[in-house]
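S.K.: Below is one structure. I have some questions about it.
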Amino acid sequence: MTNVIEVHGLTKRYGQVLAVDGVDFAVREGEVFGFLGPNGAGKTTTVRLLTGVLAPTAGTARIQDHDIRTEPLLSRAHLGIVPEEANVYVDLSVWQNVMLMAQLHGVPRRQRVQEGDRLLDALGLADRKRHKARTLSKGLRQRLMLCAALVTNPQILFLDEPTSGLDVHSARLIREIVRERNRAGLTVFLTTHNMDEADAMCSRVAIINQGRIAAIDTPDGLRGVIRSRQYTEVGFEGSPPATDDLASLPGVVQVAEHDGGARLYTEAPGRVAVEIVGRAQASGWQVVHLCTCKPSLEEVFVHLTADKPQEA
Amino acid sequence: MTAHTETAHTWSRQLGGALVIVKKNALLYYLRPPVLIFGVLFPVFFFLAFKMGRPVPAESIVPGMVAMALWFTASAVGPLVTPWERRARTYERLIATPVSLRAIIGGDVVSGLIFGGCLSIVPVLLGLLLTDATIVRPGLLAAGIVLGALSFATLGVLLAAPPASSPSNIMLLSNLVRLPLLFVSGIFVPIAQMPGWARWVAPISPLSYAGGLIRGGFGQAGYFAPWLSVLMLVVFTAVFFLAACRFHRRWRARGL
């Protein structure tokens, strides 16, 4: 599969502060690439470097085979951008906002009018077409931002916290439209704090911490990375067995009470499940619920971005 | 695509982008209070303060009035646009489009040029209708207005480059530059009659040259030869534009 974004040693320094520290990654054509990290990790700086807002201190990136340093205009010719803050032109109408962005991208008149109308309709803004953007709620402004980004018919869409602080309806609508466009071939670069959103939407996820890439993989792959946080969950009828009994099962590294049962953390959840069944038959435990689970993406995120002492 | 065709395509795209910027600025900024106050009311009150109680024929001050109005109006748009967009956080979206920073700056300059050029028609008409002033050399008047508006608008855009948390800080900076230059440019008193030190300073102000051309248009003698005024206004525009590109590029990421 072709890479549409290739990042090589991208670095941004502000005085003594290294905001982005030589990151390398690639985004494949047609995927939804999640970019996660705690506040101040370098997410927004990376996006600003890729979209030409900031100039890198070192390293570079190629977007659709155009170098962001030497061919900045070509590299951002086919980008759509939806920043976290819905910074629409509040004194322009909804329609003028959409048309302005299309004109700045050189979209021909007929195409921008047709596509603009279609998108306003799809995003539930058709009846607000002539209203000033200042009259829109936060959710509607964010929809307008998406509309203005998509009307340029981008090949890569940068979404920075697109659903942060939005009402459920707007958030769902935005996700639906993005999924629909992704199915039609749009590559999406999604920056988010919402782990469920990343888990549900992203084909692959990169986690950035302190300016460096901590991990890149599919959400499933990332969950597998921290094997010690996998667990077997078991529920019992009546009083559960003593924690020590559960902890003594082979392969169990930690036991935590959970919802009347227990979570047995292990690197081999399947083997522990078999051990539980065996012990239950031998000891008369009444097992009503048994499953093997991987950690949530949130747990992976916390694990990878937690402050740790430097290893020798 | 040959190299020439590609270059022509890029120029055409960037020119189109600059015109979109002009349209956006006209829709958003021409009627903003700071533009109207510093661009329209300021010159009117300066004119009244200058005229009241002075025994000078009204027609003799018409060129100065036109030049002063042009100075304030053409240079009022630039200092507003970038700081306002920075504060509204629309600037980041603008510079992430495939329109170059140079084209964006060019669009801002043309916005000031059109605003100043169009509004300068008002004092010209008032002068012609209410006083005995007549246009003797229309070519010089047109050159003074167009080249003057161009260089003043470019100066305005240059003044908008420093990162500021509030547009009012940039308006303050622009007035710190515009007001002193106004007094050494032969608007109120012809350069030839100004004190020696002021005659030395006058050549560093683009308003001196535009004012001279406009005076020539109304049949009055300018301090500088018309060819020198035209040349200097072109040079001022080029220098201001290159400096604006440089400083806007350097400071574009500040305050985002």
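Bear in mind these aren't lab numbers, they're just calculated from the coordinates by the rules spelled out. What you see is a predicted model, and the numbers here were worked out from it, not measured in a lab. Cβ sites come from the backbone with ideal geometry, for glycine too, and all protein chains shown count toward neighbours.
S.K.: Each residue of the stretch A:95-107 in turn: what ³J(HN,Hα) in whole Hz from Karplus with 6.51, -1.76, 1.60 and θ = phi - 60°, glycine and Pro shown as x?
M.R.: Karplus-based 3J(HN,Hα) across the stretch A:95-107 equals 5, 5, 4, 5, 5, 4, 5, 5, 5, 5, 8, x, 6 Hz.
S.K.: Sticking with this structure for a sec: At 7 Å along Cα-to-Cβ for each site, give me the label-to-label distance between A:Val288 and A:Ala126 in nm.
M.R.: Going from the A:Val288 label point to the A:Ala126 one covers 5.1 nm.
S.K.: Further question on the same structure: Can you give the FRET efficiency to the nearest 0.05 for A:Glu267 and A:Asp67, using r as the Cβ-Cβ distance and R₀ = 60 Å?
M.R.: Efficiency, rounded to the nearest 0.05: 0.85.
S.K.: Which ³J(HN,Hα) values, rounded to whole Hz and listed in residue order, are derived for the stretch B:68-83 from phi using the Karplus coefficients 6.51, -1.76 and 1.60 in 6.51 cos²θ - 1.76 cosθ + 1.60 with θ = phi - 60°, glycine and proline given as x?
M.R.: 5, 4, 5, 4, 6, 6, 5, 8, 8, 6, x, x, 8, 4, 5, x
S.K.: I've got another one for you. Dipole of the stretch B:14-251 (Lys/Arg Cβ +1, Asp/Glu Cβ -1, origin at the Cα centre): which of B:Pro163, B:Ser75, B:Gly106 lies farthest to the positive side?
M.R.: Value computed over the given set: B:Pro163.
S.K.: Hey, got the average number of other protein chain Cβ atoms within 10 angstrom for residues in B:15-28?
M.R.: Taking the mean over all residues of the peptide, I get 3.
S.K.: Would you mind pulling out the separation of the Cα centroids of the stretch A:130-181 and the stretch A:216-269, in Å?
M.R.: 40 Å
S.K.: By DSSP, what percent of the beta bridges with both residues in the stretch A:156-276 are antiparallel, rounded to the nearest 5? Don't skip to the answer; put the middle values down first.
M.R.: Numbers: 15 of 20 bridges.
Counting only bridges with both partners in the stretch A:156-276, antiparallel ones make up about 75 percent.
S.K.: What is the magnitude of the charge dipole of chain B about its Cα centre, with +1 placed on the Cβ of each Lys and Arg, -1 on the Cβ of each Asp and Glu, and no other charges, expressed in debye to the nearest 20? Can you show the working numbers first?
M.R.: Values: 20 positive and 6 negative charges, 147 e Å.
It comes to approximately 700 debye.
S.K.: Then there's this: If you count the DSSP beta bridges with both ends in the protein assembly as shown, what percent of them are antiparallel, to the nearest 5?
M.R.: Of the beta bridges lying entirely in the protein assembly as shown, close to 70 percent run antiparallel.
S.K.: Tell me whether the stretch B:101-203 comes out rounded, prolate or oblate; compute the Cα gyration tensor, take square roots of the eigenvalues as a ≥ b ≥ c, and use a/c under 1.5 as the rounded threshold.
M.R.: It is oblate, given that a/c is not under 1.5 and a/b is not larger than b/c.
S.K.: Something else about it: All other residues with a Cβ under 14 Å from the Cβ of A:Gln111 taken together, and with Lys, Arg as +1 and Asp, Glu as -1, what is their net charge? Could you put the intermediate results ahead of the total?
M.R.: Details: positive: A:Arg109, A:Arg110, A:Arg112, A:Arg118; negative: A:Glu115, A:Asp117.
Here the count lands on +2.
S.K.: Let me ask something additional. Mind listing the long-range amide H neighbours of B:Ser75? Cut-off is under 5 Å, sequence gap 5 or more, other chains count too, H placed in the peptide plane at 1.01 Å from N.
M.R.: none
S.K.: For A:Val20, enumerate residues with amide H under 5 Å from its amide H, sequence gap 5+ or separate chain, H modeled in the peptide plane.
M.R.: Answer set, sorted by chain and number: A:Lys12.
S.K.: Can you tell me the FRET efficiency between B:Asp132 and B:Arg250 if r is taken as the Cβ-Cβ distance and R0 is 51 Å, rounded to the nearest 0.05? Mind showing how you got there, number by number?
M.R.: On the way: r = 51 Å, r/R0 = 0.99.
Result of the calculation: an efficiency of 0.50.
S.K.: Still on this model: From the helices alone, meaning DSSP H stretches of at least four residues, give me the mean residue ellipticity at 222 nm for the protein assembly as shown, per-run term -39500 (n - 2.57), in deg cm²/dmol to the nearest 500.
M.R.: Counting only the DSSP helices, I get -16000 deg cm²/dmol.
S.K.: A further question follows. Considering lysine pairs in the protein assembly as shown that are 8 or more places apart or on different chains, how many have Cα atoms under 22 Å apart?
M.R.: Total qualifying Lys-Lys pairs in the protein assembly as shown comes to 7.
S.K.: Between B:Leu228 and B:Trp11, 0.36 nm times their residue separation minus their Cα-Cα distance comes to what?
M.R.: Once the chain is fully extended between B:Leu228 and B:Trp11, it gains 75.1 nm.
S.K.: Counting other Cβ atoms within 10 Å, keep those with at most 15, restrict to DSSP loop, and tell me which trypsin sites (Lys or Arg not before Pro) in the stretch B:180-256 are left.
M.R.: Passing sites in the stretch B:180-256 are B:Arg254.
S.K.: Out of residues 5 or more away from A:Phe189 or on other chains, whose amide H comes under 5 Å of its own, with H placed 1.01 Å from N in the peptide plane?
M.R.: A:Phe33, A:Leu157, A:Phe158, A:Leu159
S.K.: About the Cα centre of the protein assembly as shown, how large is the charge dipole given +1 on each Lys and Arg Cβ and -1 on each Asp and Glu Cβ? Please answer in debye to the nearest 20.
M.R.: In debye, rounded to 20, the protein assembly as shown gives about 2600.
S.K.: A further question follows. So which GluC sites (Glu not before Pro) in the stretch A:189-285 are both in a DSSP loop and have at most 16 other Cβ atoms within 10 Å of their Cβ?
M.R.: A:Glu237, A:Glu267
S.K.: Also, I was wondering about something else. Taking each residue in B:95-107, count the Cβ atoms of any other chain within 10 Å of its Cβ, then average. What number comes out? Write out the running numbers ahead of the final one.
M.R.: On the way: counts 6, 13, 14, 13, 6, 3, 2, 0, 2, 1, 0, 0, 0.
Mean inter-chain Cβ contacts per residue within 10 Å come to 5.
S.K.: Further, regarding this structure: At R0 = 45 Å, how high is the FRET efficiency between B:Ala192 and B:Leu36 if r is their beta carbon distance? Nearest 0.05 is fine.
M.R.: The formula returns an efficiency of 0.85 here.
S.K.: Tell me, what HN-Hα J-couplings in whole Hz come from the Karplus equation 6.51 cos²θ - 1.76 cosθ + 1.60 at θ = phi - 60° for each residue of the stretch B:194-201, using x for Gly and Pro?
M.R.: 7, x, x, 4, 5, 5, 6, 7
S.K.: Please list, in order, the residues from the stretch B:182-219 whose amide nitrogen is less than 18 Å from a point placed 7 Å along the Cα→Cβ vector of B:Phe45.
M.R.: From the stretch B:182-219, the list is B:182-183.
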